[in-house]
1. Give me the percent relative contact order of segment 297-374, please, defined on Cα pairs under 8 angstrom at least 6 residues apart.
2. Taking only Cα atoms and a 10 Å spring cutoff, compute GNM fluctuations for the chain and point out the largest among R349, R303, R286.
3. Whole-Hz ³J(HN,Hα) for each residue in segment 198-203, computed from phi via Karplus 6.51 cos²θ - 1.76 cosθ + 1.60 with θ = phi - 60°, x for glycine and proline: what do you get?
4. Say the dipole of segment 181-336 comes from +1 at the beta carbon of Lys and Arg and -1 at that of Asp and Glu; which of S192, V215, P320 then lies farthest toward its positive end?
5. Mind checking the angle between helix 294-311 and the chain's longest principal axis? C-alpha axes, 0 to 90 degrees, to the nearest 10.
6. Let me check I have the definition right: for segment 46-168, take the eigenvalues of the Cα gyration tensor, multiply each by 5, take square roots. What are those semi-axes in whole Å, largest first?
7. Mind listing the long-range amide H neighbours of I65? Cut-off is under 5 Å, sequence gap 5 or more, other chains count too, H placed in the peptide plane at 1.01 Å from N.
8. If amide hydrogens are placed 1.01 Å from N in the peptide plane, which non-local residues have theirs closer than 5 Å to the one on I80?
Amino acid sequence: MQWIRDYIYEHIMEAEELLETLGRIPAPSHQEDMRAKFCKDWFEQQGSKNVWIDQAKNCICAIDIDKYDDIVVFAAHTDIVFPDLEALPVKKDGRKLYAPGIGDDTANLVNLMMGAKYFLTEQKSMRKGVLFVANACEEGLGNLEGCKALFKEYGHRIKYFYSFDGYLSQCTSIPVGSYRYRITVQGEGGHSYLDFGNQNAIHIAAKLINDLYSVKVPKNEKTTFNVGQIDGGTTVNSIAQEATLLYEYRSSSQECLEMMEENFKSIISKYKREGFDLNVEILGIRPGKGIMDEKAMGDWTQRNIDIIKKHYNGDLDFSPYSTDSNIPLSQGICANTIGTIVGHDAHKREEWVDLDSLPTGMKIVLELMNQYTA
């Protein structure tokens, strides 16, 4: 499409400058305020008359949502994994741009915004309502809260969902769900010699971990579990009064996640019946895949794959991932997570993106969006 090539040629420098600007704005999960405000101001500068920031700190720019019942969502998350609240360091070396979170997900967010700019400035009419969303809380213990809030408000109307996230080659339609817990164990404690025999919280936690690792995982879908952190006790000569552990299980299948949840609850209940003092706190739930029309999902995904392959020659990665698409997929709504840039070292402060990959990503984004023009 010549108009896509022309648009990118005219705006590629703007896209690179936007990436450098956004890349400096800190955005830890739950603290995306500055990026949300920047995005809102930017959408308004492109002519949007219908843009707002919701209570979850999603910046939402709407086209024709009052005209149609069905909605298509194009999203990219604003948060990054780093806790910085001061300006982030951005360094350019040739055609590589380095910054914390620059690829995950800042560069994909730029491609989303530049795609939206075309439809806003050209005042294109759509065949469905469209939401361009710079969403919050995708990373870590953000627990997909931004996407959950979006679907709480519009889920009954959302027909298709695109999340621009990850690197070129990625086209994910299988979610990896996860349930995460903090378990705190209390014991009697005391002096290691004088009070020998008192309950030791670390000993109880160790027995609990052994039981958690004795669980047989479901065989129908890959399902995993992990204790990733344990803390407790004070000194070598003190019986520990408290110990905490972080535990999660993962699967692409919501059914398997629910089976693991039953196993987990059964183990915790056994310990409580035996008189042990345990407190369980849910840190986050990311749902797995729900019941959906597999043919409709397959046909829609194939159309997106065909568009990606027009502009990207490499092999595509269809592996399961944990992304914002977990939420629609858990509800039986067609969703793909699609990478739009080339880069490396995600979740490292040294992450970089190849600026020369931006045009390829913009082509994919623009053509995906153009499917829904009137």
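The values are calculated or read from the model by the stated rules, or taken from the named source; none is laboratory data. What you see is a predicted model, and the numbers here were worked out from it, not measured in a lab. Here Cβ is always computed from backbone atoms with ideal geometry, including for glycine, and neighbour counts include all displayed protein chains. The protein model used for the area step is the full one, side chains on, heavy atoms only, and it has no ligands, DNA or RNA in it. Shrake-Rupley method; radii C 1.70, N 1.55, O 1.52, S 1.80 Å.
1. Working: 48 pairs, mean separation 23.1, N = 78.
Worked out over segment 297-374, it gives 30 percent.
2. The residue with the greatest mean-square fluctuation here is R303.
3. Values per residue, Gly and Pro as x: 5, 4, 10, 4, 5, 4 Hz.
4. Working it through, the farthest residue towards the positive pole turns out to be P320.
5. 60 degrees
6. Equivalent ellipsoid of segment 46-168: 27, 18, 12 Å, largest first.
7. Distant-sequence amide H within range of I65: V130.
8. A27, S29
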